1. In segment 31-97, with Lys and Arg counted as +1 and Asp and Glu as -1 at Cβ, which of these residues, LEU38, ALA83, PHE63, has the Cα nearest the positive end of the dipole, that is, farthest along it?
2. What do you get when you divide the Cα radius of gyration of segment 31-97 by 2.2 N^0.38 Å, with N the number of residues?
3. At 0.36 nm per residue, minus the direct Cα-Cα distance, what do HIS25 and ASN70 gain on full extension? Give it in nm, one decimal, please.
4. Specify the inter-centroid distance of segment 65-89 and segment 21-60, based on alpha-carbon positions, in whole Å.
Amino acid sequence: MLRCNMTTSLSIQLGLEDLLADLHHARRHQELGRLALLAYCEVRSWARQAGETEISEHSTQIFTQDPCVNKDDFLAKVDLLIAALEHQQAGYPVSAANQAFNSDEHRPRSMVT
């Protein structure tokens, strides 16, 4: 049971890392269609799996309650959504992938101090 929960938790954490990377890339290149897809579909899917109803509702509200009238308004709302996801990510421990990458045993001897 514990192993199943740890695997699910790690899967959710890694999913969030991937989602944030996709959002940052699309935001940096101002790919509005990709941002809309990620913000509406992918964020809601991740949030539901993670049990984060507030983030899911926030994502839905961007598109349904008060639709954006211009590009800047849309980007500002996406920035708030990204900030909420980053805040959520801060609550997770360092991922296993990052731990393995940052450990001294995986670095060449010349880099270990």
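1. LEU38
2. 1.15
3. Going from the current span to full extension adds 14.1 nm.
4. Comparing the Cα centres of segment 65-89 and segment 21-60, I get a distance of 9 Å.
Bear in mind these aren't lab numbers, they're just calculated from the coordinates by the rules spelled out. On a predicted model such as this, the values are computed, not experimentally measured, just so you know. Positions of Cβ are backbone-derived with ideal geometry, glycine not excepted, and every protein chain shown enters the neighbour counts.
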